There are 2 protein chains.
Amino acid sequence: MAFHKKEEFSAKEQSLAAFAKAISHPARIAILNVLAKKNECICGEIVDVLPLAQSTVSQHLKELKMAGLIDGTVDGPRSCYCINWKAFEKFNSDFNSLFEKLKEVNAKCC
Amino acid sequence: MAFHKKEEFSAKEQSLAAFAKAISHPARIAILNVLAKKNECICGEIVDVLPLAQSTVSQHLKELKMAGLIDGTVDGPRSCYCINWKAFEKFNSDFNSLFEKLKEVNAKCC
DNA sequence: AAGCCTTATCGTATATTTGCGATATAAGAT
DNA sequence: ATCTTATATCGCAAATATACGATAAGGCTT
């Protein structure tokens, strides 16, 4: 009894879904937003602006990093994170190629 | 002990996260893709193109509908679904307003 | 009315996610 | 060498998500 059949879908579908899963939590959106707004690496400060424990934030950062949405380097006693814009471009491009093109020819019929 | 602190984030963050969660499974991406490609309501046929049981597909459809990504109407013995393009536009707009604008001024530094 | 077809819902098992505190790690400061 | 500070990881508990088969519900067809 297979309980996860994600493998049975196309690579593009899986990759889109994986990106979406990475941003499917408000905390991770908030983290990305902080990184985007600062326009540079953030070393620390992230925990302070979130209503979550340090360990929880660290876990979210790990997930974002593993999903490839952010890059991180260890810098002495701190860690520095910044957004991987290429991943965002890929998501946008994949997302649009699946849905965006049909928007104008599609009429609501339900 | 609150185990979900999603309420503590902004409405925009929550709404973006909710949309992302809805498309965070390959099966739901595949469903949306079928609906987008057909350019009309789909009554049936969806179960046939997915490697999942009928009940599972029905559940995914329910989730997509509850998240507002698709509209559905009961048409006699069948159900008809089509994409709610407005929801997609809102997602794109929210997504871009959070991340897209900073892309060009951002330099990779990690 | 009885049977059929399509879709939704229920019940249930398993897997994953979310969150926290406690602890480990690693570098700089004293 | 020890202490402090910042971050990561571990271990656990609770909540959600995923999937399926079984069953219900709602209209056609005969």
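Only the coordinates and a few stated rules stand behind these numbers; no lab work does. The structure presented is a predicted model; accordingly, all values stated were derived computationally and were not measured. Note that each Cβ is placed from the backbone with ideal geometry, even for glycine, and that neighbours are counted across all protein chains shown.
Here are the numbers for the structure shown:
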| item | result |
| --- | --- |
| Shielding score for B:27-35, defined as the mean number of other chain Cβ atoms within 10 Å | 5 |
| Nm distances between copies for B:Q54, ranked from closest, using label points 7 Å along Cα→Cβ | 5.5 |
| Rg(Cα) / (2.2 N^0.38 Å) computed for the range B:24-65, rounded to two decimals | 1.03 |
| Viscosity 1.306 mPa s, 10 °C: Kirkwood-radius Stokes-Einstein D of the range A:21-94 over Cα pairs, µm²/s | 128 |
| Per-residue mean of C-beta atoms belonging to partner chains within 10 Å, peptide B:10-19 | 4 |
| Around A:E63: net Lys/Arg minus Asp/Glu count, Cβ-Cβ under 13 Å | +4 |
| Pseudo-label separations to other copies for B:K38 - Cα-to-Cβ vector, 7 Å, nm | 4.7 |
| Distant-in-sequence amide H partners of B:I70 (H built 1.01 Å from N, under 5 Å) | B:K65, B:N84 |
| Inter-copy label distances at A:Q14 (7 Å, Cα→Cβ; nm, one decimal) | 3.4 |
| Linear extension gain, B:S10 paired with B:T73, 0.36 nm per residue minus alpha-carbon span | 19.5 nm |
| Taking B:D75, A:D94, A:D71 and counting other C-beta atoms within 10 Å, the order from fewest to most | B:D75, A:D94, A:D71 |
